[in-house]
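Read through the structure below, which is laid out as structure tokens, and then see the notes.
The values are calculated or read from the model by the stated rules, or taken from the named source; none is laboratory data. These numbers were taken from a predicted model, which means no experiment stands behind them. With ideal geometry, Cβ positions are generated from the backbone for all residues, glycine too; neighbour counts draw on all protein chains shown. Side chains are part of the model used for accessible areas, which takes the heavy atoms of the whole protein and leaves out ligands, DNA and RNA. Shrake-Rupley method; radii C 1.70, N 1.55, O 1.52, S 1.80 Å.
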Amino acid sequence: MGLREFLDWLKKDGTLQEINKPISPIFEAPRYAYQDRRPVLFQDCNGMRAAMNVMNSRETLARALGVTPDNIINKLTSVRYDGQVKHVDNSPMMEVRAKANLSRLPIMKHFKKDGGAYITAGIVVSKYKDMYNASIHRLMVVNDNTLAARLVPPRHTYVMQKEAAARNEPLPVGIVIGVDPVTVFAASTRVPPGKEWEYAGALKGEPTELVRLDNGVEVPHGEIVLEGFIDPVEKIKEGPFVDITGSYDHIRPEPVIHLNNMMMRKDPIYHGILPGGNEHKLLMGVPYEPLIYNAVGNVTKVKNVVLTEGGCCYLHAIVQIEKQTEGDGKNAIMAAFAAHTSLKHVVVVDSDINIFDPMDVEYAIATRTKADRDVMIISNVRGSSLDPVSEDNITSKMGIDATKPLKAPDKYERAKM
């Protein structure tokens, strides 16, 4: 199921909204997606179709993965990086071939102080010697055939580019836009080096098909693909742009991508992810939930994990356990922080608490937490660069054990009708 088939599925379900009037990619389309968080397909965005809010909720993500929302964690913790990959000779996204010309695409400018228009849902596939990586990066438009890429250290694309640059070699890349939702999710997940396509195949239950570009990079099917290389020397100021917290990230000198070729379907659909929107948060945060789940499972019986929307699906976690011994709550807190170093606050609750209901979680804190006993504060530790309150990535963290003491269980029994 590609992007357009998934959108058709949403349309049949009555979830997708379609906008038929011409709409500008500069502020107008993002503003619409910001004000109405439902999946949307613009039929005429700079002369091309464009989709936003594609995976706008846990329900939509669960549908893409073929599970119910409360079983996302079970799906992600049971899938290995051993899916199949199939190499093919051609792709529907190669119907139209041309020299790279970014002005043809509805690349969006989202917020008032943005440093420019930039690609938000492009999977950057890079290849160096026998290594490859696939991940999503901010790609700021410099001109019709040049982008600036936000490469985050020490992630794989950053490391590969540094190795190539040390030898004054360009790093070949293919940038695919309009890929099926599950493959986008797989490319957003930190997996063992070079295992993105196997992971995508395992999640989908079918082989991930790859096609080779002229520069040797192999990419999955999509709607649009850009071909080029990351310059080993040239850099340009990138930003400011809004990140997952809804606040602006810093301006930094970042590497430049020079584009040669552009290929697309005859009627392509551009995919744009709204910065700081639900889709951005889910793609960035949900892949950490199985890491936390597995880490907590090493210290106690874990039931479920969620990175909450109010915590930007990144900074706040609710961990549900089946408590075995006193102290399990604090052990779960420490395991969660170790598994996701950007995590700032974590609440541990019992299995009778609905972790997807903020009121139920607050109830657990209100009735089962004794502050001097159950609140853990850790000062001066590494946090997230995206957290506005952190200083040089150093912050403080808090864990709340909101589980029932094992003694006197009748005292905490919730009345039922």
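Some observations on this one:
- Pairwise label distance in nanometres, Lys11 with Asp360, each label 7 Å out on the Cα-Cβ vector: 3.7 nm
- At most 12 other Cβ within 10 Å, DSSP loop - trypsin sites (Lys or Arg not before Pro), the range 373-417: Lys407, Arg414, Lys416
- For Gln84, the residues 5 or more places off, or on other chains, whose built amide H falls under 5 Å of its own are Ala202, Thr208.
- Applying both filters, DSSP loop and at most 12 other Cβ atoms within 10 Å, to the trypsin sites (Lys or Arg not before Pro) of the range 79-187 gives Arg80, Lys112, Lys113, Lys129, Arg167.
- Cα gyration tensor shape of the range 172-252, rounded if a/c is under 1.5, else prolate or oblate by comparing a/b with b/c: oblate
- Heavy-atom surface analysis with a 1.4 Å probe gives the chain a carbon and sulfur content of 50 percent of its accessible area.
- Summing charges over all other residues whose Cβ lies under 12 Å from the Cβ of Lys21, with Lys and Arg as +1 and Asp and Glu as -1, gives -3.
- For His221, the amide hydrogen comes within under 5 Å of the amide hydrogens of Glu209, counting only partners 5 or more places away or on other chains and with H modelled in the peptide plane.
- Placed amide H near Glu254: partners under 5 Å, 5+ positions off or other chain: Ile236, Lys237, Glu238
- The chain, relative contact order in percent, only Cα pairs under 8 angstrom and at least six apart counted: 15 percent
- Where only C-alpha atoms are counted, convex hull volume of the range 4-68 per residue in Å³: 79 Å³
- Protein heavy-atom accessible surface, 1.4 Å probe, per residue over the chain: 44 Å².
- Near-label residues of the range 358-397 by backbone N, under 15 Å of a point 7 Å along Cα→Cβ of Arg252: 383-388, 391-394
- For the range 105-115, Karplus couplings with θ = phi - 60° (6.51, -1.76, 1.60), whole Hz, Gly/Pro x: 9, x, 6, 9, 10, 9, 10, 3, 9, 4, x
- Rounded, prolate or oblate (a/c below 1.5 giving rounded, otherwise prolate when a/b exceeds b/c) for the range 1-136 by Cα gyration tensor: oblate
- Among Ile378, Pro388, Ile365 - extreme Cα towards positive end, dipole of the range 323-396, charges at beta-carbon: Ile378
- Label-reachable residues, the range 300-321, where backbone N falls under 16 Å from a point 7 Å from Val381's Cα toward its Cβ: 315-319
- Per-residue accessible area (protein heavy atoms, 1.4 Å probe) orders Tyr132, Tyr248 as Tyr248, Tyr132, starting from the largest.
- Estimated 222 nm signal from helices in the chain, with DSSP H stretches of n ≥ 4 weighted -39500 (n - 2.57), rounded to 500: -7000 deg cm²/dmol
- Rounded to the nearest 20, the Cβ-based charge dipole of the range 195-308 about its Cα centre (Lys and Arg +1, Asp and Glu -1) stands at 480 debye.
- Between Lys21 and Ala338, the simple label model (points 7 Å from Cα in the Cβ direction) yields a spacing of 5.7 nm.
- Environment charge of His221, counting only residues whose C-beta is closer than 9 Å and scoring Lys/Arg +1, Asp/Glu -1: -3
- Principal-axis tilt of helix 156-166 within the chain, Cα atoms, nearest 10 degrees: 50 degrees
- Using only alpha-carbon positions in the chain, the gyration tensor eigenvalues give semi-axes of 39, 23, 21 Å once each is multiplied by 5 and square-rooted (largest first).
- Estimated dipole of the range 112-207 in Debye, rounded to 20 [Cβ of Lys and Arg +1, of Asp and Glu -1, Cα centre]: 380 debye
- Qualifying GluC sites (Glu not before Pro) in the range 316-417, DSSP loop, other Cβ atoms within 10 Å at most 16: Glu326, Glu413
- Dipole in debye (nearest 20) - the range 34-108, about Cα centre, beta carbon charges: Lys, Arg +1; Asp, Glu -1: 120 debye
- Whether the range 91-247 is rounded, prolate or oblate, judged on the alpha carbon gyration tensor where a/c under 1.5 counts as rounded: rounded
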